[in-house]
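The values are calculated or read from the model by the stated rules, or taken from the named source; none is laboratory data. Keep in mind it's a predicted model, so treat the numbers as computed, not measured. The accessibility values were calculated without ligands, DNA or RNA, using every heavy atom of the protein model including side chains. Shrake-Rupley method; radii C 1.70, N 1.55, O 1.52, S 1.80 Å.
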Amino acid sequence: MNELTDLTADQAAELLRHWEFGLRAEHKSPATIKVYTHGVQTYLNWCTARDAAPLTRTTLNIWITEMLDAGAAPGTGRTRQLAVRRF
């Protein structure tokens with residue numbers, strides 16, 4: 001068992017605020033913080049709806065694929081993927 005991959009979406013969401021503080025401490029722009037946190041929150045909501053483990057590569061790839069298949073622009077997929085990976 002891996003402590004990170006066993007984390008639930010709800011548990012990960014509790015860490016989101018702490019991560020936001022880290023982004024602010026790194027002097028990320030408010031727009032970057034907004035885009036990153038929105039992307040991660042959207043992903044965690046998707047994980048919760050599917051009872052999926054949020055911090056696995058497979059889950060992230062499925063989410064991105066579904067997003068692209070639904071018509072999202074490749075840039076949107078890439079931005080959200082980067083946000084989740086950074087998280």
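Things worth noting here:
- For the chain, the fraction of alpha-carbon pairs in successive 10 Å shells from zero, as %: 17, 51, 28, 3
- Solvent-accessible surface of the chain, averaged per residue with a 1.4 angstrom probe and all protein chains in place: 66 square angstrom.
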